[in-house]
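Enquirer: Following this message is one structure expressed as structure tokens.
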Amino acid sequence: MPSVIGLLEQHELAARRRVDGSREEADRIQAELAAAEQEWQEWTIARRRVGAVLAPDAGDITDDYR
């Protein structure tokens, strides 16, 4: 018959493994989220820049360098 302490240790180990697995998954998801947010920001900046360049009131930029 297993001891109470032995059974508690088994449950503790199982819980620890679940925590470790969840922590690894959370780290992976956090890294994926950061990459997705970075890509989103880059596309947002690109859209704004293209919009600024194509805007009718953007003017002729060559005048700025004379």
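Rule-based calculations on the coordinates, nothing more; no lab input. Given the structure is predicted, the values throughout are model-derived calculations rather than measurements. Positions of Cβ are backbone-derived with ideal geometry, glycine not excepted, and every protein chain shown enters the neighbour counts.
Enquirer: Could you work out how far helix 4-54 tilts from the main Cα principal axis of the chain, as a 0 to 90 degree angle to the nearest 10?
Expert: With both axes taken from Cα atoms, the answer is about 0 degrees.
Enquirer: Can you compute the charge dipole magnitude of segment 1-57 about its Cα centre, using +1 on each Lys and Arg Cβ and -1 on each Asp and Glu Cβ, nothing else charged? Give it in debye, rounded to the nearest 20.
Expert: Result for segment 1-57 is approximately 100 debye, rounded to the nearest 20.
Enquirer: May I ask you to work out the translational diffusion coefficient for the chain at 20 °C, viscosity 1.002 mPa s, via Stokes-Einstein with Rh from the Kirkwood sum over Cα pairs, reported in whole µm²/s?
Expert: It comes out at roughly 125 µm²/s.
Enquirer: Which one of Ile45, Met1, Ala26 has its Cα pushed farthest toward the positive end of the charge dipole of the chain, where Lys and Arg give +1 and Asp and Glu give -1 at the Cβ?
Expert: Going by the charge dipole, the pick is Met1.
Enquirer: Using only helices, what value at 222 nm comes out for the chain when you add -39,500 (n - 2.57) per DSSP H run of length 4 or more and divide by the total residues, to the nearest 500 deg cm²/dmol?
Expert: -29000 deg cm²/dmol
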